[in-house]
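The values are calculated or read from the model by the stated rules, or taken from the named source; none is laboratory data. Here the structure is a predicted model, which means the values were calculated and not measured. Glycine gets a Cβ as well: all are built from the backbone with ideal geometry, and neighbour counts include every protein chain shown. Note: accessible area is taken over every heavy atom of the protein model, side chains too, but ligands, DNA and RNA are not part of it. Shrake-Rupley method; radii C 1.70, N 1.55, O 1.52, S 1.80 Å.
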Amino acid sequence: MISKTAAIARSLVDSSVNSVATMATVFPEDDPYLPGYPFSMQEYYASCLRNGSLSLLFLPISRHSRNILASESRIVSISITSEIPAAHLPRVSLLGNITVFKESSEMGQLTEIKECYLSAHPDSKKWLPGLPGGAHVSYWARFDPQSVYFVGGFGGRHYIGFIPLYIYQAATPRPSLLVQRLEE
């Protein structure tokens, strides 16, 4: 059951129509207005890596980025729901950390990740790292999940709980599982 659950979770992440998730960070303790408060908002991502890590554009001007830079651990959570959010449909929360690549050359597979990211978010081409005259300073970043929490729907019928990371990372996305769940 857990392998199928991991495949559903990977399918949610990889097959998200808009590749938009809710990212949660925490205001730093020295913030003058909201020290220690959680902050969550939608954020673009792209599932470009086979191991379940996510590719991000990191803009230091954003609230999330400032919270991440102020945190030694750079821990965040990223939550993704079914296309039509509902209590009986699956959703997943990935908890992990962000690695920021201030030099694009430090990130492996740059060409592939750039193409993958732009295929998910063609409107983001104005914010790409190193773009002369770009809208803002930006960097590539990678989100590496450390823990995966899954809610399959109603607890009496569907799995609710943690998915071991190694099973999530090895799972093959199967979008047909999401279609089956929508038809239940």
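Restricting attention to segment 44-93 and to residues that are among the small types (G, A, S) and closer than 11 Å to A21 by Cα, the residue that is modelled with the lowest pLDDT turns out to be S82. Does segment 90-99 contain at least one residue that is in contact (Cβ under 8 Å) with a residue 40 or more places away in the chain and assigned to a loop (DSSP other than H, G, I, E, B)? Within segment 90-99 (the criterion being in contact (Cβ under 8 Å) with a residue 40 or more places away in the chain and assigned to a loop (DSSP other than H, G, I, E, B)), the answer is yes, since at least one residue qualifies. Against the condition over 18 Å from A46 (Cβ atoms), among the small types (G, A, S), open to solvent by less than 50 Å² (accessible area, probe 1.4 Å) and at pLDDT 95 or above, how does S147 come out, does it pass? So S147 fits the description; yes. Checking each residue in segment 83-99 for being within 15 Å of F143 (Cα to Cα) and either open to solvent by 20 Å² or more (accessible area, probe 1.4 Å) or over 17 Å from the mean Cα position of the chain (by Cα) (or both) picks out S93, L95, N97, T99. Only a single criterion out of (1) open to solvent by less than 10 Å² (accessible area, probe 1.4 Å); (2) farther than 23 Å from I160 by Cα is not satisfied by I80, namely (2). Of everything in segment 159-180 that is buried (at least 18 other Cβ atoms within 10 Å of the Cβ) and at pLDDT below 95, the residue that is nearest to S53 (Cα to Cα) is P173. Scanning segment 32-77 for residues that are under 15 Å from S11 (Cα atoms) and in contact (Cβ under 8 Å) with a residue 12 or more places away in the chain gives Y45, A46, S47, C48, L49, N51, G52, S53, L54.
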